[in-house]
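Visitor: Pasting a structure below so you can have a look.
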Amino acid sequence: MTSLFAFRRFASAFGTAFAVFYVVALKLDLALFTVYPSLGLVVLGTHRARDAVDPALGFLAPAMYWYGWAGSAGCGALVVGLLAALLPEGLARRIWLGRFWVVPMFAMVACVYLTMPWFRL
């Protein structure tokens, strides 16, 4: 029975923390890695094409940052989820991580706001 409660705490904390860390990663452009799918290349960190000779390289080989943002958010949320799963039972019941369900809703609004400039081009 204890492992079920620990998993529930982990899942609640992971989901909430992932939403918050994803917004932070999106806003600060903190990608764990950058993917160039047309080249079959994965580069650690946020990588921007800085080719002064051929500025069309960004069009020919577009970079994908979504996987890196999700990876960054997942790493941070994993730490928070593990810490929540390791909380003592009494402290966990007092905090009750299940009440933070509203945080992902606000994170979704923040993601929509942060991606609006992409659709105005």
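The values are calculated or read from the model by the stated rules, or taken from the named source; none is laboratory data. Here the structure is a predicted model, which is why all the values come from computation and not from measurement.
Visitor: Thr34 passes all but one of (1) at pLDDT 85 or above; (2) in a helix (DSSP H, G or I); which number fails?
Guide: (2)
Visitor: All but one of (1) assigned to a loop (DSSP other than H, G, I, E, B); (2) modelled with pLDDT of 90 or more hold for Asp51, so report the exception by its number.
Guide: Unmet condition: (2).
Visitor: I'd like the residue in region 80-102 that is at pLDDT 85 or above and hydrophobic (A, V, I, L, M, F, W, C) and, out of all such residues, is farthest from Val23 (Cα to Cα).
Guide: Looking only at region 80-102, we keep the residues that are at pLDDT 85 or above, and these are 80-86.
Subsequent filtering for residues that are hydrophobic (A, V, I, L, M, F, W, C) retains 80, 82-86.
On the way: Val80: 16, Leu82: 20, Leu83: 21, Ala84: 21, Ala85: 23, Leu86: 25 Å.
Restricting to residues being at pLDDT 85 or above and hydrophobic (A, V, I, L, M, F, W, C), the top hit is Leu86.
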